[in-house]
Amino acid sequence: MANVGDHFIVGLSGDKLNNTDREVLRSLKPVGLLLLARNFSQSDTWLDSLRGLIEESRSLTDRQDLLITLDHEGGRVHRTPAPITHFPSPRVYRKKSREVAQAMGVELRSIGVNVSWAPLCDIDSNPKNPIIGERSFGTNVDEVAGPALEFMEGLLSEGIIPCAKHFPGHGDTSTDSHLELPVVDKSFNEIELLELPAFKALCDAQVPMVMTAHVLFPKIDPKNPATLSPTILKGVLRDSWNYEGVIVSDDLEMLAVSERFKRKGTITEAFNAGCDMFISARHNDSKLVLNLAEELEGVQGKAESINRISSLIKDYANSYPIIEIEKNILDRHAILNKSLNA
């Protein structure tokens, strides 16, 4: 599957590789790993376990410059054991987002991570939203755009790749895309006023990656959620905004889209809509990603997408050794954290 692995970021089953993990890594050679809570041992030697997990993954994929990725927003989106600092949610650290991002970046680098799936550019505009809430910096454009931009810049200053998510906006949903397909009944003119400005600010600042939302906007594209919508991805990001970075899907195993991605042709539709890379957390169907990769391998017109991914790797994807972070650094971060919670 030469080159097709450039389009995939995959999850692993635990804090050690099993045989299925090894098969996926060896045959697909994915460009990146998605670290989840299950990949961090709860023992005192979790750093050693993580080091072994990543080193074996590099060996099996023949990739030194793997994207090692993690959802690390603070608040309820925190996967790592102590002593990694557990910062509060973005709503709490909004006024110090750059400082928090820099602190997070130092700590992420110490555990080998080079991609943080943050910041959220979603506007928390729907009180019934079960999934966003305080994960968002705020409830209006001014509260979100500036802090998101500063968070992006803070991560970049510490050598961590940021990703603006969930495009074009998950903030006005009333259902959870992990469980079902949310619907936002807004026109393009309406999302242009509320949902899009924060994303536009980061795209104008050349954020390296943008993650799609598994959300349906029927007044914009009545058939396809954003992940599969050429109107939304190519039409806005590529054609209107001239965005040249990498577009990555949210996890394909989320129930909003998982059944659709089991159908032949869906991965091709998503690629043709504008997705360069795809995340498969491998929660349930351990080999689904291999079937998707086999189909994508035959799709034409991947050169431009591969070039975007290659540029991302070349410009940003540093390989960081896993080390025990110095106590004086953790102490400084603890002081920052205490000031946020005061």
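As a quick test, which of the pairs K200/K234; K264/K287; K165/K234; K219/K302; K186/K264 have an alpha carbon distance above 18 angstrom in this structure?
Values: K200/K234 14 Å; K264/K287 15 Å; K165/K234 16 Å; K219/K302 30 Å; K186/K264 30 Å.
Over 18 Å Cα-Cα: K219/K302; K186/K264.
Close amide H partners of M211, meaning residues 5 or more places away or on another chain with modelled amide H under 5 Å apart, are A164, K165, F167, V248. Amide H contacts of W117: L70, D71, H72, each under 5 Å away and 5 or more positions distant or on a separate chain (H built 1.01 Å from N in the peptide plane; Pro and chain starts excluded). Averaging the sequence gap over all C-alpha pairs within less than 8 Å and six or more residues apart, then dividing by the number of residues, gives the stretch 4-341 a relative contact order of 19 percent.
At a Förster distance of 30 Å, what's the computed FRET efficiency of S43 paired with A334, Cβ-Cβ distance as r, to 0.05?
Numbers: r = 23 Å, r/R0 = 0.76.
Once the sixth-power term is evaluated, E becomes 0.85.
Given their separation in residues at 0.36 nm each and the Cα-Cα distance between them, N291 and D239 gain 15.7 nm when the chain is fully extended. With contributions of -39500 (n - 2.57) from each DSSP H run of at least four residues, the per-residue ellipticity at 222 nm computed over the chain stands at -11000 deg cm²/dmol.
When F151, F278 are ordered from fewest to most other Cβ atoms inside 10 Å of their Cβ, what list results? Working shown, then result.
Values: F151 31, F278 25.
Listing F151, F278 from fewest to most nearby Cβ atoms yields F278, F151.
How would you rank I9, I335, going from fewest to most other Cβ atoms within 10 Å of each one's own Cβ?
Values: I9 25, I335 9.
Going from least to most buried by this count: I335, I9.
Considering only the chain, what is the antiparallel percent among its DSSP beta bridges, to the nearest 5? Walk me through the intermediate numbers first.
Working: 2 of 25 bridges.
Bridges in the chain are about 10 percent antiparallel.
Backbone phi angles across the stretch 309-317, fed through the Karplus curve with coefficients 6.51, -1.76 and 1.60 (θ = phi - 60°), yield HN-Hα couplings of 5, 4, 5, 4, 4, 5, 7, 10, 7 Hz in residue order; Gly and Pro are listed as x. Spin-label model, E259/K223: points 7 Å from Cα along the beta carbon direction are separated by 1.9 nm.
Which length gain, in nm to one decimal place, applies between E158 and D15 when the Cα-Cα distance is subtracted from 0.36 nm times their residue separation? Spell out each step's value before the answer.
Working: separation 143, 0.36 × 143 = 51.48 nm, distance 2.61 nm.
Fully extending the segment from E158 to D15 adds 48.9 nm.
Here the label points at K128 and R51, each 7 Å from Cα along the C-beta direction, are separated by 5.1 nm in the simple model.
A simple spin-label model places the labels of H86 and S59 3.4 nm from each other, with each point 7 Å out along Cα-to-Cβ.
Among E326, E253, what is the fewest-to-most ranking by other Cβ atoms within 10 Å? Write down the numbers at each step before the final one.
Working: E326 11, E253 19.
Ascending number of Cβ neighbours within 10 Å: E326, E253.
Readers should treat all values here as calculations from the given coordinates under stated rules, not as data from a laboratory. What you are looking at is a predicted structure, and each value in this text was computed from that prediction instead of being measured. Heads up, the Cβs are rebuilt from the backbone with ideal geometry, glycines too, and the neighbour counts pull from every protein chain shown.
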